[in-house]
Structure formats: C-alpha cells, structure tokens
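The structure appears below as structure tokens.
The values are calculated or read from the model by the stated rules, or taken from the named source; none is laboratory data. Just so it is clear, the structure is predicted and the values come from calculations on it, not from any experiment. Note: ideal-geometry Cβ built from the backbone for every residue, glycine included; neighbour counts use all protein chains shown.
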Ligand code: UDP
C-alpha cells in the first residue's frame with residue numbers, strides 16, 4: 001500500500017484522509033501541529049460552564065450545495081440554527097445584515113419595502129459605476145451613513161486596513177434586504193452540529209488505515225521523504241520555509257468572561273465603532289439553544305496582524321500578497337508529489353462548505369487518476 005502523509009487535521013486534511021482510506025489502497029499518517037484535531041472549527045465543552053465553545057470563534061455551517069449538506073449530515077447530526085447578528089453603532093443597536101427593520105430603526109422611518117428601496121437608492125453614490133474597493137461598494141449600494149456606522153469602523157478593526165484599500169468582494173459577503181429577514185446568511189441549508197464540530201473530525205479519522213499524530217509540526221525534510229505523496233493544508237509560505245517572503249494574515253485573540261445567566265441575550269453582537277477595541281462578542285450558549293445552562297461564557301474578539309507564532313485566520317490578499325502568492329503557486333506546481341489544499345494551503349478566504357467541496361473534488365480526482373497526475377494546486381472554486 002502507498003504511504004500518504006496529510007498535513008493538518010481541519011476539513012481539508014481529514015476529508016482527503018478519510019476518502020483515501022476508504023479506497024483500501026493507502027496507509028495514511030496525519031500530522032497536526034496543535035494538540036487537537038479540527039483546525040479552526042474545533043469545539044470543546046467549557047470546563048467551568050459546560051457550554052460548547054467554538055474555540056476559534058463562531059462557526060455556523062451554511063451552504064446552498066445540497067450534496068455538501070447531505071455529506072456533512074452523514075458525519076454528524078445538525079440542528080437548525082439561524083445566525084441573527086446585532087450590530088452596535090453610535091446610533092444604537094440594530095439587526096445585521098442591513099434589512100428593512102435596520103433601515104427603519106436607523107433612520108427613524110416607517111418605510112414599506114418599496115419605499116425603503118427607493119430611499120436607499122437615493123443615498124447611493126451613483127457616480128461610482130464599477131466599485132472596486134470595499135468603500136466604493138458600500139457607498140455605491142448603501143450610501144455614506146450606513147457605511148460609516150456599520151462597516152467603516154468594524155472593517156478597520158477587523159482588517160487593520162482602510163476600506164479604500166480592501167477588495168469589494170469582502171463586503172459582497174453580506175446581503176442587503178428590503179424585508180424583515182435578519183438571517184445573516186442567504187444559504188439554503190444552515191445549522192450547527194448538535195454535539196459540536198469535533199465529532200465530525202473524529203469520525204473522519206476513525207479508520208484502521210489512518211494514524212493521527214498530534215503535536216507534530218511538519219517539516220519537508222522529515223515527512224516529505226517518509227511518504228509517497230503529501231497533502232498539505234498548512235500555510236503555503238511555511239511549506240517553502242518562507243523563502244520568498246511571508247503572506248500576511250489577520251489573527252484573532254479571544255478574551256474569556258463568565259457570569260451567571262446571560263451577558264447579552266444573543267449569540268453574536270458586533271461592535272462597529274472604531275474606538276471599541278474588540279470587533280464582536282460571542283456568547284456561545286446561544287449557539288446550542290437546545291441545551292440549558294445557568295452560567296454563561298462569552299468572548300470578546302480582537303483582531304490583529306498575525307505575527308510569527310500566531311494562529312492564522314484571515315488571508316489578507318492585498319496586491320503584495322497576491323503577487324507573492326503567485327510566486328508560491330509557481331513553486332507549488334513545480335513541487336512533485338504534493339497537493340496544496342484549503343484556506344491556508346491555497347491562501348484564500350474560504351468558507352467551510354467550499355473547503356469541503358474542494359476536498360471531496362480532489363479526492364474524487366485522486367480516485368480516478370494515477371498518482372503522478374494528482375492535482376498539485378487545485379483551485380476549482382477559487383474566490
Ligand atoms: N463587516 C462590517 N461590519 C459588521 C460585520 C461585517 O463591516 O458588523 C464587514 C467586515 O469587513 C467583514 C466583512 O464585512 O470582514 C465580511 O463579514 P463576515 O461576517 O462575512 O466575516 P467573517 O464571518 O468571515 O468574519
């Protein structure tokens with residue numbers, strides 16, 4: 001049997017390991033630098049309160065791909081969950097994404113959907129024909145007041161970069177609605193795993209041909225030589241020992257608090273003012289409304305530029321990073337017997353469902369192609 005090394009135990013690594021193991025043709029070693037599996041989706045019970053905690057920040061599973069929804073439901077049971085976010089601004093607290101209620105409350109109006117649409121259209125800056133930046137996209141579609149109150153401060157804190165210099169695609173993640181629908185996502189299927197995300201990864205790795213090695217940092221020298229093929233889901237620049245430079249990431253720091261009862265009465269409250277140092281507060285017992293807890297645990301979330309030993313979360317992807325990524329991609333394509341996968345391996349801002357879809361796609365290609373033709377740098381659904 002061929003020996004496969006998988007680096008990283010997030011969705012990318014665990015899915016490829018599981019799919020290859022099921023063929024019966026491979027022995028798989030999976031190497032994880034942290035003390036736990038699941039990457040940034042890892043969940044655990046908070047020892048003090050008993051609340052299921054998303055250790056690396058809120059993860060609400062959402063997808064419009066039926067095959068992916070069906071697939072994740074084979075791995076664990078999900079309960080329906082709708083993410084209803086509140087945003088704190090200088091003018092008060094409002095539902096987000098911007099919807100009919102947000103508009104009426106914010107402007108002190110009582111618009112019908114059609115009136116609200118006409119009103120927002122009157123605020124939009126139509127001199128911007130083809131918005132390129134985050135700021136232009138906001139000014140073009142919701143106008144200055146909503147941009148400054150809901151997006152400008154939050155985005156400066158989240159990305160550390162002025163919205164003039166960020167791509168419009170980041171804002172396009174958020175809908176604007178002229179109904180009272182305050183669901184954060186548009187996806188057809190939305191939910192949270194009943195027992196958290198960690199059991200998904202345990203199930204994927206539960207196969208006699210898979211051996212998990214926790215607390216094992218990958219090095220090309222040791223692991224590369226010991227396997228016939230490597231699937232690498234760590235940061236692409238780290239794989240090449242940063243030899244042509246470092247790709248930039250934002251990292252998050254979570255400040256933990258507990259108390260009796262509830263702190264904010266809902267799962268996620270965003271703080272949009274620049275003067276407040278954290279971006280949002282997540283109170284995790286509201287992610288499992290089917291459980292009952294007398295105590296609560298909540299986390300203030302602080303965003304900053306990732307330094308050497310910080311956990312990478314968000315690829316920044318400004319022009320410099322994109323040029324460097326292209327150079328790393330060239331190296332990756334030349335690298336023999338390695339596939340680069342996932343958010344870190346391909347340096348893209350990917351949601352969970354996209355990572356899952358891509359991993360399954362890579363696995364199906366590997367099932368039909370000879371090893372020499374396995375895809376090195378697959379970007380089937382690149383964003
Ligand atoms: N955003 C904002 N204000 C908010 C929430 C989001 O300005 O209250 C902006 C911010 O730049 C963020 C982007 O919208 O990065 C996309 O938000 P999303 O919730 O998709 O980010 P994620 O869930 O990946 O943290």
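Selection of region 119-139 for residues being within 15 Å of the ligand (Cβ to nearest atom) and either surrounded by fewer than 18 Cβ atoms within 10 Å (Cβ to Cβ) or farther than 25 Å from residue 275 by Cα (or both) yields only 131.
Summed over region 67-90, residues that are within 17 Å of residue 194 (Cβ to Cβ) and within 15 Å of the ligand (Cβ to nearest atom) total 3. Residue check: residue 174 meets all listed conditions (1) in contact with a strand residue (DSSP E or B) (Cβ under 6 Å, 6 or more places away or on another chain); (2) under 30 Å from residue 316 (Cα atoms) but one, namely (1).
The condition (being out of contact with any strand residue (DSSP E or B) (no Cβ under 9 Å at 6 or more places or on another chain) and more than 20 Å from residue 271 (Cα to Cα)) is satisfied by just one residue among 119, 107: 119. Closer than 30 Å to residue 152 by Cα, modelled with pLDDT of 95 or more and either part of a loop (DSSP other than H, G, I, E, B) or within 16 Å of the ligand (Cβ to nearest atom) (or both): does that describe residue 242? Here the answer is no, as residue 242 does not meet what is asked. Tell me whether region 203-222 contains one or more residues that are within 16 Å of the ligand (Cβ to nearest atom) and surrounded by 14 or more Cβ atoms within 10 Å (Cβ to Cβ). Within region 203-222 (the criterion being within 16 Å of the ligand (Cβ to nearest atom) and surrounded by 14 or more Cβ atoms within 10 Å (Cβ to Cβ)), the answer is no, since none of the residues qualifies. Looking only at residues in region 245-264 that are in contact with a helix residue (DSSP H, G or I) (Cβ under 7 Å, 6 or more places away or on another chain) and over 28 Å from residue 146 (Cβ atoms), the one that is nearest to the ligand (Cβ to nearest atom) is 248. Working only within region 265-280, note down all residues that are over 22 Å from residue 166 (Cα atoms) and either within 12 Å of the ligand (Cβ to nearest atom) or touching a residue at least 60 places away in the same chain (Cβ under 8 Å) (or both). Residues satisfying the conditions are 266, 267, 268, 269. Within region 100-118, if we keep just the residues that are within 16 Å of the ligand (Cβ to nearest atom) and in contact with a helix residue (DSSP H, G or I) (Cβ under 9 Å, 6 or more places away or on another chain), the residue that is nearest to residue 273 (Cα to Cα) turns out to be 106.
Of all residues in region 68-96, those satisfying the criterion of being crowded, with 17+ Cβ neighbours inside 10 Å and in a helix (DSSP H, G or I) are 68, 69, 72, 75.
Going through region 144-169 one residue at a time, which ones are modelled with pLDDT under 95 and surrounded by 20 or more Cβ atoms within 10 Å (Cβ to Cβ)? Listed by number, the list holds a single entry, 166.
Among the residues of region 296-305, are any more than 29 Å from residue 48 (Cα to Cα), at pLDDT 95 or above and within 16 Å of the ligand (Cβ to nearest atom)? Even if it seems obvious, please write down each step before you answer.
First, pick out the residues of region 296-305 that are more than 29 Å from residue 48 (Cα to Cα): 305.
Next cut, at pLDDT 95 or above only: 305.
Filter once more, keeping what is within 16 Å of the ligand (Cβ to nearest atom): 305.
Yes, there is a match, as at least one residue in region 296-305 is more than 29 Å from residue 48 (Cα to Cα), at pLDDT 95 or above and within 16 Å of the ligand (Cβ to nearest atom).
For region 150-177, enumerate the residues that are within 6 Å of the ligand (Cβ to nearest atom) and more than 20 Å from the chain's Cα centre (by Cα). The answer is 150, and nothing else.
Scanning region 253-275 for residues that are in a loop (DSSP other than H, G, I, E, B) and farther than 19 Å from residue 87 by Cα turns up just one, 261.
Among the criteria (1) crowded, with 19+ Cβ neighbours inside 10 Å; (2) closer than 30 Å to residue 138 by Cα, the one residue 232 does not fulfil is (2).
For region 178-198, which positions are more than 15 Å from the ligand (Cβ to nearest atom), surrounded by fewer than 20 Cβ atoms within 10 Å (Cβ to Cβ) and closer than 22 Å to residue 65 by Cα?
Within region 178-198, 181, 188, 189, 191, 194 meet the criteria.
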